[in-house]
1. Among the residues of the range 67-110, how many are of a type in the set (Val, Ile, Thr) and within 20 Å of ALA13 (Cβ to Cβ)?
2. Would you check which residues across the range 167-209 are among the β-branched types (Val, Ile, Thr), part of a strand (DSSP E or B) and open to solvent by less than 10 Å² (accessible area, probe 1.4 Å) and list them?
3. For the range 137-160, does any single residue satisfy the condition of being assigned to a helix (DSSP H, G or I) and at negative phi?
4. So for the range 68-89 (the condition being modelled with pLDDT of 95 or more, touching a Cys at 6+ places or on another chain (Cβ under 9 Å) and not polar (S, T, N, Q)), does at least one residue qualify?
5. Being farther than 26 Å from LEU241 by Cα and among the β-branched types (Val, Ile, Thr) is the filter; apply it to the range 1-59 and report the residue that is farthest from the chain's Cα centre (by Cα).
6. Give the residues of the range 184-215 that are away from the ligand (no atom under 16 Å from the Cβ) and closer than 27 Å to VAL31 by Cβ, sorted by residue number.
7. If a residue has to be at pLDDT 90 or above, of a type in the set (A, V, I, L, M, F, W, C) and out of contact with any Leu (no Cβ under 8 Å at 6 or more places or on another chain) to count, how many in the range 233-267 make the cut?
Amino acid sequence: MKVVILKDATEVAKYGAAIFVKQIKRKPSSVLGLATGSTPVAMYEELISAYKNKDVSFSEVKSFNLDEYLGIADDHPQSYRSFMNKELFDHVDIDKSNTEVPPGDAENPIEACDIYERKIFDCGGIDIQLLGIGRNAHIGFNEPSSSLGSRTRVKTLTQETIDDNARFFAKDEFQPHLAITMGIGTILESKTVVLLATGENKAQAIVDTVQGPVTAHCPASALQLHRDAIVIIDEAAASLLKNKDFFKKMEQENMRLEESLGNKRIV
Ligand code: PGA
């Protein structure tokens, strides 16, 4: 697991976006795994700027989102489909018919999960998966106790997640307690995984993910088993890590190596 510790949320967004831009330039028809939540928004802004500066085109890109609330339709303002349109898709040249978000209003959600898995498989799998992390270390809506081998399925949200997300819903508005989410096994099959976390309230989840045992009680710890997982965090989210100096040294060594190979650095 590569851990990159940066000064602040702006650097985290730039670093994450640069990885995605590099991936799309290398393979214009990349299959992206995308995430919602507050953390990816700044990275999406960077991607929009890169598109506007003609640095990257999304015209051949396909995407799969991690999750969607169950019980709300695509056009609901709080749906993750609406979020993706607003924060990214409406501002770049992606063909929306190439973008997939699990159907929150599926008549048969169980069957819809299997169809979602098949669609990912039929596209040749996800090249690069973006993740945020919950305070309880969930990835997607894989809450603690999720099987490390899980596939796309319906999950019950913990009260902590419901409370954390209540800020997006009006007081008397229906807030879903269930969601469709890619499984941890699905996420682990992505060729590269990029997890972004910022702020002190993520510090415990990050230390459990990076230093703790691999356990279903800390879903993000499964990334320790991935061959190409990059955890990009700011100083606040890194504040509880024991071996911060080592991670910083490792990043400097990687930087030197890349520069010696003629690669331009990200930040
Ligand atoms: P946040 O959510 O980026 O809004 O903190 C992350 C998550 O729950 O995955």
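1. Final tally of qualifying residues: 2.
2. Result: ILE180, THR181, VAL193, VAL194.
3. yes
4. No; the residues of the range 68-89 include none that is modelled with pLDDT of 95 or more, touching a Cys at 6+ places or on another chain (Cβ under 9 Å) and not polar (S, T, N, Q).
5. In this case the residue turns out to be VAL56.
6. Selection gives GLY185, LEU188, GLU189, LYS191, THR192, VAL210, VAL214.
7. Within the range 233-267, residues that are at pLDDT 90 or above, of a type in the set (A, V, I, L, M, F, W, C) and out of contact with any Leu (no Cβ under 8 Å at 6 or more places or on another chain) number 8.
Yes or no, residue by residue, for (1) within 16 Å of the ligand (Cβ to nearest atom); (2) more than 19 Å from MET84 (Cβ to Cβ); (3) modelled with pLDDT of 95 or more; (4) open to solvent by less than 10 Å² (accessible area, probe 1.4 Å):
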site	(1), (2), (3), (4)
ASN108	no, yes, yes, no
ASP114	no, yes, yes, no
GLY125	no, yes, yes, no
ALA137	yes, yes, yes, yes
PHE141	yes, no, yes, yes
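The values are calculated or read from the model by the stated rules, or taken from the named source; none is laboratory data. Here the structure is a predicted model, which is why all the values come from computation and not from measurement. Please note: Cβ atoms are built from the backbone with ideal geometry, for glycine as well, and neighbour counts cover all protein chains shown. When the accessible area is computed, the model is the full protein with side chains, heavy atoms only, and any ligands, DNA or RNA have been set aside. Shrake-Rupley method; radii C 1.70, N 1.55, O 1.52, S 1.80 Å.
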